[in-house]
Amino acid sequence: MNLKGVFICVLVVLVQSVLAQRYPHPVCAPQFQYVHLNSKLGWVGFGSTTFLDSSSLHNITLEVIYATVELENYSNLGELEITHFHQLRTLKTNVRQWNVLYVVKFSTQNPIPDVIKTVLNGVVLCDDKVRASSSQKPVHVRLLLTYNDFLKEQKFTAKVINRFPTGISSSDISSFNIEGVVPRQLTGRKVFISKMPLSWFDGQSFCKKNGFTLTSIKSENEDNELNQALKDVLAEDIHWVWVGGNSFSGEWRWIGDGSLVDYSNWDVKDGEPNNYNNNEHCMHLRVRWIEDKWNDNDCANIFHFV
């Protein structure tokens, strides 16, 4: 074999080796991929995004949610870090373009977790609903990072936000028992407050399977009573709770009887409901948060429900 032949063989081997050490996310590529760094760190997730902003941007919030198997050690839920953040040059003087690179270090390597959602400053970058409902990886972990570019400070938290029983997917959620609380009698009704967070659709599916629907709120008294019941039952770090309001028809209606939402308690100071990113069609309550006002949100997000 001549030298040229040796070089070609070596090059092919190197290319195959490099390709074998990384693979794109099936939904989020090319902005997100999995890379094997070394034997110590193993597989990590690398993400990147470039976006426009009309003014200076120095504080950013990055959220990554991944699905994994049951963990042996829940004290280690992984890490999230911004590795690169800078402003790009652009010909437009009134628009600034930014570049962000980040890395996700997983809590387990066998199997590698599936990143199912990434959100930057409230903008959904990627949403993998298929793998979010997989029964193979029933534990959902949220990694949340705030970053200040002036101070170069990063503050990071990790939390399990969902744990389906092994072998049960979110599409089967209506068929098994969910722990919850029926609080003291409210005026004219009783409600069930879940202790497991689900999407709006899965919460409604569970309620319907058991002969109910997500609740409606038709007066100020009902609103105040329900919010107090939520404060009595839920942990202090739980602030958002699904109810039955939705705008699927173009108008806000209650899922139970289809009636229009006449009484409302929206956070009008913040312009709610604003259908942010044209993707917020479901109603949730705020508990111990911004005067307990209502808000619209992405129906696929996972909150407690009533």
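How large is ³J(HN,Hα) for each residue in the stretch 66-78, as worked out from phi by the Karplus curve 6.51 cos²θ - 1.76 cosθ + 1.60 (θ = phi - 60°), to whole Hz, x for Gly and Pro?
10, 9, 8, 7, 4, 8, 6, 10, 7, 7, 10, 10, x
Give me His84, His281 ranked fewest to most by other Cβ atoms within 10 Å of their Cβ, as a rough exposure proxy. Provide the component values of the computation, followed by the final result.
Values: His84 10, His281 19.
So the residues, fewest neighbours to most, are His84, His281.
Enumerate the amide H contacts of Trp252 below 5 Å, restricted to partners 5 or more residues apart or on another chain; note that Pro and chain-start residues carry no placed amide H.
Amide H to amide H, under 5 Å and 5 or more residues apart or across chains, Trp252 pairs with Val261.
What dipole magnitude, in Debye to the nearest 20, does the stretch 188-239 give about its Cα centre under +1 on Lys/Arg Cβ and -1 on Asp/Glu Cβ? Intermediate results must be reported in sequence, preceding the final value.
Details: 7 positive and 8 negative charges, 78 e Å.
My answer is approximately 380 debye.
Taking a 22 Å limit on the Cα-Cα distance, which of the listed pairs Lys117/Lys159; Lys152/Lys269; Lys129/Lys155; Lys231/Lys293 fall beyond it?
Distance filter (> 22 Å) returns Lys152/Lys269; Lys129/Lys155.
Provide Met283, Met196 in ascending order of the number of other Cβ atoms located within 10 Å of each residue's Cβ, fewest first. Show your work: numbers first, answer last.
On the way: Met283 30, Met196 19.
Ordered from fewest to most neighbouring Cβ atoms within 10 Å, Met283, Met196 come out as Met196, Met283.
If amide hydrogens are placed 1.01 Å from N in the peptide plane, which non-local residues have theirs closer than 5 Å to the one on Asp128?
Lys117
Can you work out ³J(HN,Hα) from phi for every residue in the stretch 279-287, in order, using Karplus 6.51 cos²θ - 1.76 cosθ + 1.60 and θ = phi - 60°, giving whole Hz and x for Gly and Pro?
My calculation for the stretch 279-287 gives 9, 10, 10, 10, 9, 9, 8, 9, 10 Hz in order.
Under 5 Å between amide H atoms, partner at least 5 residues away or on a different chain: which partners does His304 have, H built in plane at 1.01 Å?
Close amide H contacts, sequence-distant or interchain: Leu198, Trp242.
In 10 Å bins starting at 0, how do the alpha-carbon pair distances of the stretch 181-305 split up by percent?
13, 50, 34, 3
Could you check the spin-label model distance between Lys269 and Val35? Points 7 Å from the Cα along Cα→Cβ, value in nm.
Rounded to a tenth, the inter-label distance reads 4.4 nm.
Can you give me the relative contact order of the stretch 181-305 as a percent, contacts being Cα pairs under 8 Å and 6 or more apart?
Relative CO of the stretch 181-305 lands at 31 percent.
Quick one: Leu285, Leu88, Leu80, Leu186, fewest Cβ neighbours within 10 Å first, how do they rank?
Details: Leu285 26, Leu88 10, Leu80 23, Leu186 15.
Listed from fewest to most nearby Cβ atoms, that is Leu88, Leu186, Leu80, Leu285.
For Lys209 and Asn277, FRET efficiency with R0 = 22 Å and r from the beta-carbon atoms, rounded to 0.05?
Computed FRET efficiency for Asn277 and Lys209 comes out at 0.10.
Every read-out reported here was derived from the displayed coordinates using simple, explicitly stated rules and does not represent laboratory data. A quick note: this is a predicted structure, and the numbers were derived from the prediction, not measured. A quick note on method: Cβ atoms are made from the backbone with ideal geometry, for glycine too, and the neighbour counts reach across all protein chains shown.
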